[in-house]
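The values are calculated or read from the model by the stated rules, or taken from the named source; none is laboratory data. Being a predicted model, the structure only gives us computed values, none of them experimental. Ideal geometry is used to build each Cβ from the backbone, glycine not excepted, and the neighbour counts take in all protein chains shown. Accessible surface areas use protein heavy atoms only, side chains included; no ligands, DNA or RNA. Shrake-Rupley method; radii C 1.70, N 1.55, O 1.52, S 1.80 Å.
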2 protein chains.
Amino acid sequence: MKIYDNPGRDQWKSLCQRAKATENKQVEETVTAILKRVERDGDRALSELASEIEKRDVTGGFKVEESEFEAAASRISASLKEAIEVAVKNISSFHQAQLPREIIVETFPGVTCLQRPVAIEKVGIYIPGGTAPLFSTVLMLALPARIAGCSKVVMCTPCDSEGHVADAVLYAARRCGVSEVFKIGGAQAIGAMAYGTETVPAVNKIFGPGNRYVTTAKQLVGSTTVAIDMPAGPSEVMIVADSTSCPDYVAADLLSQCEHGSDSQGMVICDTMELALEIESATKRQAAMLPREEYIAKSLSNSRIIVLPNRSDMLAFANRYGAEHLILSIDEPMVAASQITAAGSIFIGNYSPESAGDYASGTNHTLPTSGWAHSYSGVNIDSFMRKMTIQKLTRRGLEGLGNTIIKMAEAEGLAAHANAVSIRLENGN
Amino acid sequence: MKIYDNPGRDQWKSLCQRAKATENKQVEETVTAILKRVERDGDRALSELASEIEKRDVTGGFKVEESEFEAAASRISASLKEAIEVAVKNISSFHQAQLPREIIVETFPGVTCLQRPVAIEKVGIYIPGGTAPLFSTVLMLALPARIAGCSKVVMCTPCDSEGHVADAVLYAARRCGVSEVFKIGGAQAIGAMAYGTETVPAVNKIFGPGNRYVTTAKQLVGSTTVAIDMPAGPSEVMIVADSTSCPDYVAADLLSQCEHGSDSQGMVICDTMELALEIESATKRQAAMLPREEYIAKSLSNSRIIVLPNRSDMLAFANRYGAEHLILSIDEPMVAASQITAAGSIFIGNYSPESAGDYASGTNHTLPTSGWAHSYSGVNIDSFMRKMTIQKLTRRGLEGLGNTIIKMAEAEGLAAHANAVSIRLENGN
């Protein structure tokens with residue numbers, strides 16, 4: 001972890017730079033081939049790929065059976081179930097409050113325009129296997145999908161060599177109203193949900209994190225076949241700290257980010273070198289007591305403490321960076337938040353650790369990384385809906401607006417557009 | 001234009017299929033090379049490309065000068081200015097009404113979650129040159145950008161060999177608050193706005209239609225560098241007609257779609273063969289009187305009239321197709337609209353031609369094509385904003401929610417996430 005003491009503005013650009021995903025033609029070619037096979041051969045491709053890549057026999061099919069959900073639920077402790085209920089309640093109430101309303105405006109006499117929100121019919125969720133069973137992501141994606149009113153919520157997730165999916169993932173899927181869960185991992189899962197197979201329904205939008213193969217597959221199908229939630233990148237946190245912050249808390253938040261994976265990035269912005277050193281030593285002290293040492297060591301090597309001369313520079317730097325998670329451990333943090341123009345999610349003051357938002361406060365944890373906060377929202381209720389417009393002109397409305405339309409159509413050289421109005425106006429009734 | 005009489009459900013899939021863009025490796029390679037040059041060489045690449053591709057000398061620079069705006073405005077007729085004012089007013093009032101509000105929920109005692117809408121700072125608009133000067137698209141993109149509060153709205157558009165941009169395009173740009181207009185066309189314009197050059201500022205999101213090179217460039221930068229509005233495809237209209245419709249109006253709407261370009265598609269769904277034949281003959285009659293014959297002839301060859309036995313099948317087919325523009329010229333059209341789950345924009349009854357929405361009613365005309373209406377909204381005020389979440393936990397809030405977070409973090413094997421909570425709760429104050 002390197003400390004930068006008052007870097008000049010000319011260095012900000014490079015200090016804001018994320019590790020660029022190295023272009024990997026090999027990954028793209030592999031994924032393209034997998035997608036083509038799934039599109040062409042459906043279930044047969046999925047079976048063959050499971051046996052080729054995972055060395056797994058799937059004659060029993062991919063779909064999680066009722067008995068597996070029941071067995072998983074029976075193995076979840078009462079206290080974890082209770083915790084999940086609290087999180088479900090908070091996430092639901094925050095996302096419920098986001099439901100958009102229909103908008104109706106009479107823009108001109110006899111011309112009424114509506115904007116009507118409608119749920120996306122079928123959505124797909126990918127939950128990675130790997131190092132941690134991310135059942136919290138099931139909550140973050142399936143609950144808003146259900147609240148939005150999506151009629152089908154399909155999930156794909158890899159299983160182990162015996163065909164087991166983590167209990168908490170299955171329990172959360174059932175609890176949050178996922179329609180069907182399929183034991184399919186990797187690029188082939190994305191292909192299955194994008195194109196549909198005999199077993200897996202095609203969806204309209206795919207959500208969820210994943211490894212390189214998964215995110216490459218999402219990117220490829222996203223430009224041709226289905227919508228995707230947002231571009232993927234390694235997780236990151238920025239903590240802005242001043243004399244009102246507690247170095248131990250800053251260190252703890254930094255480390256909770258760093259344990260996600262070896263490419264995570266933690267950034268601390270503070271206003272004195274003294275505080276920077278205190279945070280650095282608290283980080284070292286706490287890191288020594290944590291598991292997942294390897295991830296933490298690697299992530300810390302990507303991480304930075306940057307000392308800036310004053311609050312206004314600190315906030316300007318935060319806006320430039322556009323962090324996925326931005327913790328404001330500074331004086332008057334709500335005032336500071338009102339000056340933030342780019343962040344995925346903001347955490348206010350000393351008692352709002354990132355892990356609150358990761359699990360249970362109610363906000364969504366699927367957030368834009370790598371500076372995409374400058375142009376993308378995190379997942380929210382809108383992510384599961386579309387807004388259609390509707391317009392109704394009365395004859396009087398068209399009479400009033402007709403000349404405007406005809407004039408503009410003619411100026412664009414589009415005579416048939418003009419004719420669609422004049423043919424109606426010329427007609428007597 | 002082919003008539004399909006009561007096709008079976010098994011044929012619906014193929015009847016809903018759009019012409020697939022033929023994969024063109026050549027276009028992709030050309031565009032990739034152009035983007036790389038613009039990213040690397042900035043303005044120098046833009047100058048060289050203008051001279052190579054457009055055979056145009058740009059020593060005078062790319063930026064439209066104040067005097068050019070003034071000259072353009074002086075050549076626009078008073079009646080066109082008046083028409084533009086009406087459109088500006090209607091588009092503004094409909095998009096103003098869409099401005100989202102901040103949402104605040106206390107999800108749990110001491111845990112407050114906010115969703116705060118913030119404008120995207122810098123947006124870029126591409127306006128094609130080509131066969132028609134699309135100044136209406138300037139209105140549809142620049143007005144909502146300004147209403148959302150984007151601080152910079154940049155526009156690129158090709159010019160002719162003398163360096164002129166269509167008067168109406170310049171007039172509309174100035175009228176709608178575009179910050180700067182650059183005479184740059186093609187993939188290089190998209191590269192300039194994505195990466196930024198010495199002259200053209202880098203933006204956070206790029207909007208607007210374009211030819212194959214432009215849309216390929218948008219797709220390429222969209223997965224790596226900036227957000228884009230939506231995937232592109234040829235324009236299309238579907239008209240659902242019954243005995244309450246007027247065949248002449250249906251034909252006029254169909255033809256106004258068909259004049260857009262040779263790859264446009266018109267679809268008519270009606271409930272009797274008699275009506276189908278009347279619409280067909282009205283279309284032939286009107287087509288003979290319109291300019292842009294070549295586009296219309298080609299588009300009509302992509303177009304279809306489909307006879308279905310009843311209203312419920314007609315609406316089911318419309319939902320399956322997911323039209324960019326859907327005209328409901330049927331009995332009780334608002335009731336029918338409430339059953340529509342996928343369309344870009346819906347036009348109600350006999351006096352709401354598509355051209356009303358294309359120009360002046362107030363709705364946006366940048367809409368999802370090619371079935372993307374199943375997963376995307378048309379451009380609306382949200383397209384120019386992001387929604388950040390903010391959370392504030394009090395100490396009491398964290399005390400109440402702490403165990404839930406710790407329990408879930410532990411179940412995911414993320415000890416540092418749990419530690420970020422417990423270190424705060426263990427600390428006395």
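If you check A:Leu114 against the conditions, is it open to solvent by less than 20 Å² (accessible area, probe 1.4 Å), more than 21 Å from B:Thr389 (Cβ to Cβ) and assigned to a helix (DSSP H, G or I)? So A:Leu114 fails the test. Any residue that is hydrophobic (A, V, I, L, M, F, W, C), open to solvent by 10 Å² or more (accessible area, probe 1.4 Å), more than 30 Å from B:Lys218 (Cα to Cα) and at pLDDT below 95 - is there at least one of those in segment A:297-304? So far as segment A:297-304 goes, yes, one or more of its residues are hydrophobic (A, V, I, L, M, F, W, C), open to solvent by 10 Å² or more (accessible area, probe 1.4 Å), more than 30 Å from B:Lys218 (Cα to Cα) and at pLDDT below 95. Given the criteria of a type outside the set (A, V, I, L, M, F, W, C), under 13 Å from B:Ala189 (Cα atoms) and open to solvent by 60 Å² or more (accessible area, probe 1.4 Å), does B:Glu39 qualify? Yes: the conditions hold for B:Glu39.
Could you list, in sequence order, all residues of segment A:165-179 that are over 22 Å from A:Ala148 (Cβ atoms) and in contact with a Pro (Cβ under 6 Å, 6 or more places away or on another chain)? Passing the criteria: A:Ala166, A:Ala168. In summary, B:Ala323 fulfils each of the numbered conditions (1) small (Gly, Ala, Ser); (2) touching a strand residue (DSSP E or B) at 6+ places or on another chain (Cβ under 7 Å); (3) surrounded by 21 or more Cβ atoms within 10 Å (Cβ to Cβ); (4) assigned to a helix (DSSP H, G or I) with the single exception of condition (4).
Here's the yes/no breakdown for (1) among the acidic types (Asp, Glu); (2) over 20 Å from A:Glu68 (Cα atoms); (3) assigned to a loop (DSSP other than H, G, I, E, B); (4) open to solvent by less than 20 Å² (accessible area, probe 1.4 Å):
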{"site": "A:Asp160", "(1), (2), (3), (4)": "yes, no, yes, no"}
{"site": "A:Leu170", "(1), (2), (3), (4)": "no, no, no, yes"}
{"site": "A:Arg174", "(1), (2), (3), (4)": "no, no, no, no"}
{"site": "A:Ile184", "(1), (2), (3), (4)": "no, no, yes, yes"}
{"site": "A:Met193", "(1), (2), (3), (4)": "no, yes, no, yes"}
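Pull up segment A:91-102, narrow it to residues that are touching a strand residue (DSSP E or B) at 6+ places or on another chain (Cβ under 7 Å) and surrounded by fewer than 18 Cβ atoms within 10 Å (Cβ to Cβ), then point me to the one that is farthest from A:Glu162 (Cα to Cα). Looking at residues that are touching a strand residue (DSSP E or B) at 6+ places or on another chain (Cβ under 7 Å) and surrounded by fewer than 18 Cβ atoms within 10 Å (Cβ to Cβ), I get A:Glu102. Taken over segment A:117-134, residues that are within 7 Å of another protein chain (Cβ to nearest Cβ) and at pLDDT 95 or above amount to 3.
Considering segment B:201-228, the residues that are away from chain A (no Cβ under 11 Å) and not small (Gly, Ala, Ser) include one that is surrounded by the most Cβ atoms within 10 Å (Cβ to Cβ), namely B:Phe207.
Would you point out which residue out of A:Val64, A:Val88 is surrounded by 14 or more Cβ atoms within 10 Å (Cβ to Cβ), within 13 Å of chain B (Cβ to nearest Cβ), under 28 Å from the mean Cα position of the chain (by Cα) and modelled with pLDDT of 95 or more?
On the way: A:Val64 fails: within 13 Å of chain B (Cβ to nearest Cβ).
So the residue among A:Val64, A:Val88 that is surrounded by 14 or more Cβ atoms within 10 Å (Cβ to Cβ), within 13 Å of chain B (Cβ to nearest Cβ), under 28 Å from the mean Cα position of the chain (by Cα) and modelled with pLDDT of 95 or more is A:Val88.
Out of all the residues in segment A:273-289, is one or more within 21 Å of A:Ser14 (Cα to Cα) and open to solvent by 40 Å² or more (accessible area, probe 1.4 Å)? Within segment A:273-289, one or more residues are within 21 Å of A:Ser14 (Cα to Cα) and open to solvent by 40 Å² or more (accessible area, probe 1.4 Å). Entry remark, segment A:160-185: residues being without any contact (Cβ under 8 Å) to a residue 40 or more places away in the chain and basic (Lys, Arg) number 0 in total.
Taken together, A:Ala83, A:Ala73, A:Ala78 contain a single residue that is more than 9 Å from chain B (Cβ to nearest Cβ) and open to solvent by less than 30 Å² (accessible area, probe 1.4 Å), which is A:Ala73. Here B:Ser355 fulfils each of the conditions (1) within 30 Å of A:Thr341 (Cβ to Cβ); (2) crowded, with 24+ Cβ neighbours inside 10 Å; (3) of a type in the set (Ser, Thr, Tyr) apart from (1).
Working only within segment A:265-319, note down all residues that are part of a helix (DSSP H, G or I), within 12 Å of chain B (Cβ to nearest Cβ) and in contact with a Gly (Cβ under 9 Å, 6 or more places away or on another chain). Hits for segment A:265-319 are A:Thr283, A:Tyr295, A:Ser299, A:Leu300.
Cβ separations smaller than 6 Å between residues 6+ apart or across chains give the following pairs from segment A:58-75 residues that are of a type in the set (Gly, Ala, Ser) to residues that are outside any loop (DSSP other than H, G, I, E, B): A:Ala72/A:Asp167; A:Ala72/A:Leu170; A:Ala72/A:Tyr171; A:Ala73/A:Tyr171. So which of B:Ala33, B:Ala19 is small (Gly, Ala, Ser) and under 30 Å from B:Ser303 (Cβ atoms)? Just one listed residue meets the conditions, B:Ala19.
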